[in-house]
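The values are calculated or read from the model by the stated rules, or taken from the named source; none is laboratory data. Source: prediction; values computed, not measured. FYI the Cβ positions are ideal-geometry reconstructions off the backbone, even for glycines, and counts take in every protein chain you see. Areas reflect the complete protein model, heavy atoms only, side chains present, ligands, DNA and RNA absent. Shrake-Rupley method; radii C 1.70, N 1.55, O 1.52, S 1.80 Å.
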Amino acid sequence: MELAMIGLGRMGANMAERLTRGGHRVVGFDPKPDARARLKAQGADSAASLADLVAKLRVPRTLWLMVPAGDVTDSTITTLLPLLAAGDTLIDGGNSNYKDTLRRAKMLGERQIHYVDCGTSGGIWGLAEGYSMMIGGEESAVERLRPIFETLAPAPDRGWGRVGPVGSGHFTKMIHNGIEYGLMQAYAEGFSIMQHKQEFALDLHRVAEIWRHGSVVRSWLLDLTSAALQQNPKLDGIAPYVADSGEGRWTASEAIDLDVPAPVITLSLLERLRSRDTESFSDKLLSAMRNQFGGHEIKKE
């Protein structure tokens, strides 16, 4: 097939390369000239502007957005809108909020432009291993794009599928990332407990390697944890600061809206927020309260 890849960052560039290797014609756009040059070196075409990009595609056009969620996605669509025609398809492969996806799909649908939301997982390993893709949209539109998804997936018959109507792909990816928060937090806490058991002097990388084979807690996240501990056993030089990209917040909020208890996911999100509070007022106040009611010693800074 032929498609445009808009956004040639870590994910977009690798996806464009995998598609090119799979025999598809890819035209890429990124505001950074270096990113466009790297894509051309891999055998794909590139464009210096979105208008130039659209002009290089045959009708009906397929364009894959791999740009940051939120305002950047909206501004990109706004720029593309007058350049597109009925029958064209936009695929949003980023981590958009599904509510934004529903809004965009309605707007594009009024112009008979198909909007497909593809929750994409695989990170920097996707180029070699393939991507897991949770796809929402009209069944006919998704089926027409099958060759693209089959090439990007780990295998043509696994790791991808239409999960429901438009919006469902990003909704499913949101929950996927919420689960990921909980899994990562559980591993981090368990290894922290072992690290603090000083009298055993546990080799945490060795423990991770043992667990990777035959254990009920084995997973790809554990594989990556083991690799991190092998490279840096003491985690030297790493600040205890954990960012979040939004999906955990959206998952917790959705759970509240649906009256679904999700304590593990919610607490894992709160732990990430806590990691950023280097001057914790709440902890200082807790210490002051203990001093007030029990005369407990306050540790000075």
* Structure fact -> Expected output for the stretch 205-218 (first residue aliphatic (A, V, I, L, M), partner open to solvent by 100 Å² or more (accessible area, probe 1.4 Å), Cβ below 9 Å, 6+ apart or cross-chain) is A208/Q230
* What pairs come up if the first residue lies in the stretch 241-252 and is basic (K, R), the second is open to solvent by 10 Å² or more (accessible area, probe 1.4 Å), and their beta carbons are under 8 Å apart, counting only those six or more places apart or on different chains? -> R249/L269
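For every residue, the table says whether it meets (1) among the aliphatic types (A, V, I, L, M); (2) in contact (Cβ under 8 Å) with a residue 40 or more places away in the chain; (3) closer than 20 Å to S132 by Cα.
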| residue | (1), (2), (3) |
| --- | --- |
| E2 | no, yes, no |
| I6 | yes, yes, yes |
| L57 | yes, yes, no |
| R61 | no, yes, no |
| I77 | yes, no, no |
| T89 | no, yes, no |
| R111 | no, no, no |
* Asked: In this structure, does V216 turn out to be modelled with pLDDT of 95 or more and part of a loop (DSSP other than H, G, I, E, B)?
  -> yes
* Residue that is most open to solvent (accessible area, probe 1.4 Å), among those in the stretch 219-240 that are outside any helix (DSSP H, G or I), in contact (Cβ under 8 Å) with a residue 24 or more places away in the chain and over 23 Å from S121 (Cα atoms) -> P240
* From the options L258, L267, residue that is surrounded by 10 or more Cβ atoms within 10 Å (Cβ to Cβ), out of contact with any helix residue (DSSP H, G or I) (no Cβ under 6 Å at 6 or more places or on another chain) and either touching a residue at least 12 places away in the same chain (Cβ under 8 Å) or not hydroxyl-bearing (S, T, Y) (or both) -> L267
* Asked: For the stretch 51-66, which residues satisfy the criterion of being surrounded by fewer than 17 Cβ atoms within 10 Å (Cβ to Cβ) and assigned to a helix (DSSP H, G or I)?
  -> A51, D52, A55
* Structure fact -> Here the residues within the stretch 171-204 that are under 30 Å from G93 (Cβ atoms) and either of a type in the set (A, V, I, L, M) or free of Cβ contacts under 8 Å to residues at least 24 places away in the same chain (or both) are M174, I175, I179, L183, M184, A186, A188
* Consider V260 carefully, then state whether it is among the β-branched types (V, I, T), part of a loop (DSSP other than H, G, I, E, B) and in contact with a Ser or Thr (Cβ under 6 Å, 6 or more places away or on another chain). => no
* Please verify whether the stretch 92-100 includes one or more residues that are surrounded by fewer than 19 Cβ atoms within 10 Å (Cβ to Cβ) and under 24 Å from the mean Cα position of the chain (by Cα). => yes
* Criterion violated by A69 - all others in (1) surrounded by fewer than 22 Cβ atoms within 10 Å (Cβ to Cβ); (2) assigned to a helix (DSSP H, G or I) satisfied -> (2)
* Asked: Any idea how many residues of the stretch 1-30 are within 20 Å of D74 (Cα to Cα) and out of contact with any Ser or Thr (no Cβ under 6 Å at 6 or more places or on another chain)?
  -> 10
* Asked: List the pairs whose first member sits in the stretch 120-149 and is over 21 Å from G164 (Cα atoms), whose second member is surrounded by 14 or more Cβ atoms within 10 Å (Cβ to Cβ) and among the basic types (K, R), and whose Cβ atoms are under 6 Å apart, counting only residues at least 6 apart or on separate chains?
  -> L127/R18
* Structure fact -> Selection from the stretch 1-27 of residues part of a strand (DSSP E or B) and open to solvent by less than 20 Å² (accessible area, probe 1.4 Å) yields L3, A4, M5, I6, V26, V27
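Against the condition under 25 Å from the mean Cα position of the chain (by Cα) and closer than 20 Å to P165 by Cβ, how does R36 come out, does it pass?
In short, no.
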* **the stretch 28-40 residues that are open to solvent by 60 Å² or more (accessible area, probe 1.4 Å), paired with ones that are of a type in the set (G, A, S) (beta carbon under 6 Å, 6 or more apart)** => K40/S46
